[in-house]
Amino acid sequence: MLLLIPGPVTTRPEVRAAMAQDFAPWDNDFRILYADLRGRVRAISGGARETHSAIALQGCGHFATEASLRSFVPPGGRILVPATGQYAERMMRLAREAGRVPVPLAVPGNGTVQPEAVAAALAADPGIGHVGLVYSETSSGVVHDPAPVGKVVREAGRRMILDAVSAFGALPLDVAAMPELDAVAFTSNKCLEGMPGLSFSVVRLDRLEACAGQAGSWSFNLADVQAQYRRSGDGSFRFTPPAQVLASLRVALDLYDAEGGQAARLARYRENARVLYDGMVSLGLQPCLAWEVQGPIVVNVRAPADPAWSLQGFVDALKSRGFLISNFYNTAEPSFRVGCIGAVTPEDMQRFVAAADAALHALGIRNRAPVASAA
Ligand SMILES: *Cc1c(COP(=O)(O)O)cnc(C)c1O
C-alpha cells in the first residue's frame with residue numbers, strides 16, 4: 001500500500017527496519033547517534049553550529065510550532081500570521097491558546113503572500129513583534145517563499161517564525177541568510193521521509209538566550225532543552241525520546257544524502273506533482289490550482305459533479321488498488337487531495353493515475369467535470 005498523503009508519508013523499508021530494536025537513550029552510543037542527527041538536520045537548514053541549534057521534541061509538527069511560539073513570542077505578544085489556509089489557522093490557535101495574540105493578514109484567493117502587504121501591516125501596527133509564516137500551506141498546496149517575506153520582516157526590525165513542516169528538506173531554506181528567523185519548525189516525517197514521532201525547531205542561539213524564561217511551559221520550553229544540551233551533552237534528552245524514530249531517521253538521512261539532498265528531493269517531488277497534475281487533467285478531472293501556483297507537496301483535485309461521486313467510495317476503490325489517499329478535504333469546494341511527498345516516484349504517480357481512472361469507472365462516474373464554482 002502506498003500512502004499518497006502529505007504526511008505521514010510512505011517510507012522506505014530500510015527506514016522502517018531500523019526501528020526493529022530496543023535502545024537505551026542515555027547509552028553512550030545512542031547519545032552519539034542523537035548528537036550527530038542534530039548536526040545533520042541543522043546543516044540541512046543552512047545553520048552553523050555557532051549560531052543555530054536543532055532542538056528535537058518528542059511529538060508531531062504542532063508541538064514544534066507551539067514550542068517555537070512559546071519560546072520566542074512573549075506572553076501577550078502580537079504575531080502577524082498571513083491567513084494562507086488551515087495550517088495558518090492552526091498556528092494562530094496555538095498562539096492564542098498559549099496566551100499570545102495572533103493578528104491575521106488576509107491573503108486573497110489562492111495567491112502567495114505578498115511581502116508588500118506584510119510590510120504595510122507591520123508599519124501599521126508597531127506592536128507586532130513577530131510574523132508567523134507557513135512555508136508550504138498543506139491545505140491549499142500553495143508555496144509561500146519565506147525569503148522575500150523575511151526581508152521585509154528584517155527591514156521592519158521584527159522577528160519571524162516559520163512553519164516548514166511540509167517543506168523542510170525539499171524546498172530551499174538557508175537560515176544563515178535569514179537572521180530574522182527565530183525558529184523553523186518541522187518533523188522527522190514528511191519530506192525527510194523518516195518515521196513520524198519527532199519534531200524539530202532550528203533556532204537562533206542568541207535569540208533563544210535572550211528569550212529564555214517566557215515559554216510558560218516546561219515541556220515546550222526550547223531554552224530549557226538547550227540548557228540540557230549544555231549541561232549533559234549534545235546527545236542528551238530531558239524526557240524519554242522515541243528512540244526507534246531517531247534510529248530510523250539516521251537511515252532516512254543517509255538515503256536523503258544518497259539521493260542528492262534538497263535539490264534532488266525537490267526535483268523528484270516536482271516531477272511527482274507534474275505527472276499527477278497532468279494525469280488528472282488527462283482523465284477529465286480539474287485540479288483546484290492553476291499550474292503556475294501549484295506547489296510540489298500536495299495536489300487538490302475538484303470532486304466530479306456526477307451524483308455517483310462519494311469521496312469515501314473513491315478512497316475505498318483506490319485502496320483496493322494499492323493507494324491510500326485522505327478521506328477528507330481542506331478546500332472550500334469539494335475535492336480530493338493527493339500527496340506528492342514521501343518515498344514515491346513519478347512511476348508510482350503514473351500507476352496512481354491509472355488506478356484513479358479505474359476507480360472512477362468502478363464507481364460509475366460518467367461526468368468528471370467539477371460542480372460549477374460558487375464564485
Ligand atoms: C503536517 C503539517 C503540520 C503538523 O502536523 P502534525 O500532524 O502535528 O505533524 C504543520 N504544518 C504544516 C504546514 C503541515 O503540513
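³J(HN,Hα) across the range 345-362 via Karplus (A = 6.51, B = -1.76, C = 1.60, θ = phi - 60°), whole Hz, x for Gly/Pro?
These are the phi-based 3J(HN,Hα) values: 10, x, 5, 4, 5, 4, 5, 5, 4, 5, 5, 5, 4, 5, 5, 5, 4, 4 Hz.
Computed over the Cα atoms of the range 249-375, what is the ratio Rg over Rh, Rh following Kirkwood?
1.01
Grab the other residues whose beta carbon is less than 10 angstrom from that of residue 36, score K and R as +1, D and E as -1, and report the net.
With Lys, Arg at +1 and Asp, Glu at -1, the neighbours total +3.
7 Å from Cα along Cα→Cβ at both residue 147 and residue 228: what's the point-to-point distance in nm?
3.5 nm
As a test, work out the antiparallel percent of DSSP beta bridges whose residues both lie in the chain, rounded to the nearest 5.
Looking only at bridges with both residues in the chain, the antiparallel portion is about 50 percent.
How long, wide and thick is the chain, going by the Cα atoms along their three principal axes, in whole angstroms, largest first?
Principal extents (largest minus smallest coordinate, Cα): 64, 55, 33 Å.
At 0.36 nm per residue, and after removing the present C-alpha to C-alpha distance, how many nm does the segment from residue 36 to residue 14 gain when stretched out fully?
6.0 nm
For n ≥ 4 DSSP H runs only, could you compute -39500 (n - 2.57) per run for the chain, divide by its residues and tell me the 222 nm figure to the nearest 500?
-12500 deg cm²/dmol
Once the other residues with Cβ under 13 Å from the Cβ of residue 183 are scored (Lys, Arg +1; Asp, Glu -1), what is the net sum?
Spelling it out: positives minus negatives among the neighbours equals 0.
The range 137-184 to the range 1-64: how many Å between their Cα centroids?
Result: 21 Å between the Cα centres.
So what is the accessible area of the range 173-308 per residue, in Å², with the probe set to 1.4 Å?
So the range 173-308 comes to 36 Å² accessible per residue, rounded to a whole number.
With +1 on the Cβ of every Lys and Arg and -1 on the Cβ of every Asp and Glu, and nothing else charged, how large is the dipole of the chain about its Cα centre, in debye rounded to the nearest 20?
380 debye
If each residue of separation counts as 0.36 nm, what is the full-extension length gain between residue 308 and residue 281 once their alpha-carbon separation is subtracted?
7.8 nm
Any idea what the alpha-carbon Rg over 2.2 N^0.38 Å comes to for the range 2-78?
Expressed relative to 2.2 N^0.38 Å, the Cα Rg reads 1.41.
Compute the long axis of helix 115-124 from its Cα atoms, compare it with the longest principal axis of the Cα atoms of the chain, and write down the angle in degrees, 0 to 90, nearest 10.
Helix 115-124 and the main axis of the chain meet at about 50 degrees.
So, R0 is 41 Å and r is the distance between the beta-carbons of residue 24 and residue 86; what FRET efficiency does that work out to, to 0.05?
Approximately 0.60, to the nearest 0.05.
For the range 235-266, list residues with backbone N below 18 Å from a point placed 7 Å from the Cα of residue 49 toward its Cβ?
235-236
For the range 12-257, which whole-number percentage of the solvent-accessible area (1.4 Å probe, protein heavy atoms only) is attributable to carbon and sulfur atoms?
Taking all protein chains in place, the range 12-257 shows 54 percent carbon and sulfur surface.
Per the Debye formula with a single identical scatterer at each Cα and no solvent contribution, what log10 I(q)/I(0) holds for the range 43-106 at q = 0.14, 0.26 Å⁻¹?
The computed values of log10 I(q)/I(0) come out as -0.48, -1.07.
Within the set of other residues whose C-beta is less than 10 Å from the C-beta of residue 170, count the net charge using Lys and Arg as +1 and Asp and Glu as -1.
Once positives and negatives cancel, what remains is +3.
Mind listing the long-range amide H neighbours of residue 2? Cut-off is under 5 Å, sequence gap 5 or more, other chains count too, H placed in the peptide plane at 1.01 Å from N.
Under 5 Å from the amide H of residue 2: 323, 324.
The values are calculated or read from the model by the stated rules, or taken from the named source; none is laboratory data. Owing to the predicted nature of the structure, the values given are computational and were not obtained by experimental measurement. For neighbour counting, all protein chains shown are included, and Cβ atoms are generated from backbone atoms with ideal geometry for every residue, glycine included. All accessible areas refer to the heavy atoms of the entire protein, side chains included, with ligands and DNA or RNA removed. Shrake-Rupley method; radii C 1.70, N 1.55, O 1.52, S 1.80 Å.
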